[in-house]
Every structure is written in C-alpha cells, then in structure tokens.
Amino acid sequence: MRDMKKSRVILTVILLLIAVQVSAQSDAFKLGKSLDIQYSILKEVSNSYVDTIKFDKFIKIGIDAMLESLDPYTVYIPEENEEKLRLMTTGTYGGIGAIIKKKTNGGVIISEPYEGSPAAKSGLLPGDQIIEIDGVSVIGETSQQSTDKMKGQPGTNVKFKVVRGRSGDTLDVVVIRERIHISDIEYAGMIRDSIGYIKISGFTAKMSKELRDNVLNLKAKGAKRLVLDLRGNGGGLMEEATDMVSLFVPKGTLVVSSKGRVSTMNQEIFTTEYPIDTLIPLMVMVNSGSASSSEIVAGALQDLDRATIAGKRTFGKGLIQSIQPVAYNGKIKVTTGKYYTPSGRCVQAIDYSQRNEDGSVGSIPDSLIREFKTKKGRSVYDGGGIAPDIETETHLYSRPTVSLFYNDIIGDYAIEYFKKHSAIVKTEDFYLTDTDYENFVKYADGCEFDYRSSVQTQIDQMIKSAKLDGIYDTCKKEIDALASKIDMDKETMLKIKKSEIKPLIEEEIVVKYYFRKEGSIIGLRDDSQLYEALDKW
C-alpha cells in the first residue's frame, strides 16, 4: 500500500514536470510562430505594396504600438535618442542652456536663458532672434532642428547670427557649449516667519544632495518647519527618492519594497545614509501630477508618521521601470515591477487606463480598497495614489487662461515687455500696473486663442446637438437668447479674468529679467492651496 502511494506521488511529480516543460515549449512555439508570421507579412508588404515603404519608420510604429498595449510607460528608445535618455535620468545635456521657440518668419527666438548658462554668459537675452547657426540659415527649420544644432559636446563652439530684440542690431555671438544641468530644486526660501519651503520638480541624479544642501541652508536661516512641494513632480530615479527620505528618518529605515517577475526585483530598500534632521516638522504638498518617486516619498513619510501630506490625491503610478539594452545600441524602458510603501500599500491605480480628465485616479469601488496602518496606527488605504492627510482645493484656471498658456501668449507678451523695459524693480516689489494690463489686453486681443468660457463651449455643443437631433428650429429663439447673454468678446473676457491672469504675467516677466527661480517667488505669492494647507497644519 505504501509503495502504491509512493508510486502515485512520483507519477504526479513527473506529470507536473512534463506539464511545465510542455507549457514552456508551447510559449516558445507561440513566440516563434508569431515572429514567423510577422516576418512573412513584412516580406510580402516589401515585395507587393504599391508605394515605397520606409521600413525603419514602419517597424518603429509597430514596436511603439506593441509596447503601448502593455502600459503607458514601457517604451523603445533608439540609439539616436540617447541624449533624451541622459536628460531624463541625469537632468543634464551638452548645449547652450536656453529655451527657444519658433518665430513665424522662420527664425527662432531666445525665450529664456537658464541662469549661469553659456547662453546667459554670452549675453543672449529673451527676444533675441537667431537667424543662422554655424553659418547656416535656420529659416524653414523646426525649433527641434535648431535645438539639435545647439546641442553638442561640452567645450565645443557654436556660432549664432543674432538680431537683438531690444536694438534690432545684427551681430555674431559665439557660445561655448557646456554640460547643462537642469536642477530639480526649482526654488528654496523662507515663507512666513520660520517655515522653509522647497519646490522639487523631479528626481534626477544628485537631486537629494542638492536638497540636503538647501535644507541645511534654510535651517541656518532659522527654519523651524519645512514644506517639501512635490506638486506636479512626475518622478524619476527611485534611488533619489530613497535618499530624499533618508534625510529625515533614522538610518536603516524601510522606505519602499518592490515585487516583480524577475527575482532581483523582489527586494526591500532601506535608508543607508545618516539623516540631517529626524525631528523638524515636515509637510509634503502633492496633487494629481505627483507620481512615481513623488509617491514613494509621500507614501513613506506618511506611513512612518514623519510628515503631514497635504493637497490632493496623487497620480497613482506604482510601477517600476528598468532600462535594458537591445539590438543596435537601442534601449527599452520596461516595466519590471511594482513598488509598495512601508505599510504594504501599492499606490498603483487599480486600472491606470481609467482616469479623470486631469489625469487623477477615478472612482474606486470600496470593495477593492484595503486598509493599512502607519507606524503609529493611523489608517491609510490603497487603491490608487496617496490620499493627503490635509485636503486642500486646487486652483483651477479658466478655459481662456489655459488657452493663453497653451498658445504661449503670456510668454510672448513678457518678451515684448522685456524689449521695451531695460529694468524692473526687485521681484518682491514687482506688480503689473493697470496700464500694463491694458496693454496686455490689446496685445492678446490681436492673437489667436480660444477665449470662450466653459459655458460658451457648452452652449455651442448644445446648438450642435440640437441641430443633429432636428430640434434646433423649434427652440432657436430661446437658445439664441441664452447664447447672446453669455457671449463675450476677447477684450471683455480678458478684463473679467484680470485677477487670474495678472499674476501669471508678472511671473513670466520676472523670469525674463531674473530667471526661473525668482519667478517662483511670484507664483508663491498667489498660491492659495499652499497657504490653506499651512493654516490647517
């Protein structure tokens, strides 16, 4: 009897091994079959299609579509995009350090030189028009083509023929390229009496070191509390997120764990550096644009009861991407795992394809949400993103204001202002006068942008639907009367939205004179969400 049972166990094991082997062979067969089909289709198209096909672009479309079907974050990076990959991971590139934009006559305009950049050192100013690069006209080029010519090996020269924005003079300007580093620390300073504030825009290499220096500097200035602003921060390197948390918690603290199909992805990540302050009160500002590494930081500091999280629920991206080499020096950024906060929460939205218009997590059934506990026993929940401890309302801009930004009309006006004014007062004292705003209204009135209010667009849609349903003629009088009441011209709409638009113009003008960090001071002046959170903290 015992031998019979033993035989059955052995037979079961053998059958399981055979099943596993058959399954593996089946997967391999399916892959081989699919590749054969793909090759035969490409071969037939190559031989028979009526027009000539550019196969490099044709195949790239197929690769992109194939990867997109997996998730939004798995992408192919060909060799020619190596510079973009470097910028994405390190925040650095070789170039002159300036934002440019296309001009309608074919040239390109310097919109914003970076502070301390080769462009700024060479005297290039907002509004200067580049008409030649290294003796070749840029007329007819796209802004990307011109940008590519400006980038290059640090230490090499690039020669511009420039028409000065203020004087109209034409001159040659030689700029020596450098390794440009775009700092993730957008702004660091004191707000209110003893509160330090740091705006962090990304998680590229060495961000945590910059953050460390800024925290110590603010503490030296008397900061007794600290706000870390991660609103709109889409994430970056997980190592930088871990190092950021390590500044505020004891060495050896669990920050995040990961799980994946490959065994190397199954790990727990602890802080390895000594902190600089484990006691200073922290508040982390987040919103629906805070994703990935931002959520690692917010989730860890919340689970550890080390910080108060304020703002709106975060994006809900709990997927980890790894960069792997592929043929012909290409790379693939592929999702290899999911990460979990110290309490065990996965912040990945349950269905990342179902989101609100602003990209935030949609409604989640209560049955799918699980409860977890922080270090001190507070209840926190999974299901998508990090929910704030203090919820504050986000200021939503109106359609006309968004359209002004989308079409860069505010930025263009700031350049025109810069051309006409050689200097402005210091940032803290700068306000647009009523006359200046009237000038902006006249300027914007001559520009193309969608100035309709949300109500106007809904009326337009209602009219279209009424005509489609064949009932417009029946209620034409009433609809037209309503449309007439809310119909406004450009000038009227811009005057109504003055209080909303004016601070945005002030910020862009300050950026032209004093660079981006100074512009953040203007942004803070009107940040109602931040000050609401501070009042509740």
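Derivation of every value follows stated rules applied to the coordinates shown; laboratory data play no part. Because the structure is a prediction, the values reported are computed rather than measured. With ideal geometry, Cβ positions are generated from the backbone for all residues, glycine too; neighbour counts draw on all protein chains shown.
Could you give me the percent of Cα pairs per 10 Å distance bin for the stretch 185-391, shortest bin first, beginning at zero and ending with the bin that holds the maximum distance? Taking every Cα pair in the stretch 185-391, the percentages come to 9, 36, 36, 16, 3, 0.
Treat the count of other C-beta atoms within 10 Å as a stand-in for reagent exposure and order GLU508, GLU428 from fewest to most. Present the calculation step by step, with values, prior to reporting the outcome.
Details: GLU508 24, GLU428 11.
Fewest-to-most ranking of GLU508, GLU428: GLU428, GLU508.
When CYS447, CYS346 are arranged by Cβ crowding within 10 Å, least crowded first, meaning fewest neighbours, the order is CYS447, CYS346.
Sort THR90, THR401, THR341, THR264 by Cβ crowding within 10 Å, fewest neighbours at the top.
Ordered by Cβ neighbours within 10 Å, fewest first: THR264, THR90, THR401, THR341.
Enclosing the Cα atoms of the stretch 90-224 in their convex hull gives a volume equal to 133 cubic angstrom per residue.
Take the Cα radius of gyration of the chain and divide it by 2.2 N^0.38 Å, with N its residue count; two decimals is plenty. It would help to have the intermediate numbers written out before the result.
Details: Rg = 28.2 Å, N = 537, 2.2 N^0.38 = 24.0 Å.
Against the empirical 2.2 N^0.38 Å value, I get 1.18 for the chain.
For the stretch 369-449, dividing the convex hull volume of the Cα atoms by the residue count gives 187 Å³ per residue. Mean sequence separation of contacting Cα pairs (under 8 Å, at least six apart), scaled by the length of the stretch 429-537, corresponds to a relative contact order of 29 percent.
Got the relative contact order for the stretch 92-181 handy, in percent, Cα pairs under 8 Å and 6 or more residues apart? Answer for the stretch 92-181 is 34 percent.
Each peptide among 380-387, 288-295, 327-334, 212-219 gets the average number of other Cβ atoms lying within 10 Å of its residues, and from highest to lowest they stand as 288-295, 380-387, 212-219, 327-334.
Compared with the dominant principal axis of the Cα atoms in the chain, helix 55-68 is inclined by about 70°. Separation of the stretch 305-324 from the stretch 192-210 is 16 Å, based on Cα centroids.
If you take every DSSP beta bridge fully contained in the chain, what fraction is antiparallel? Give it as a percent rounded to 5. Numbers along the way, then the final one.
Numbers: 53 of 69 bridges.
In the chain, approximately 75 percent of DSSP beta bridges are antiparallel ones.
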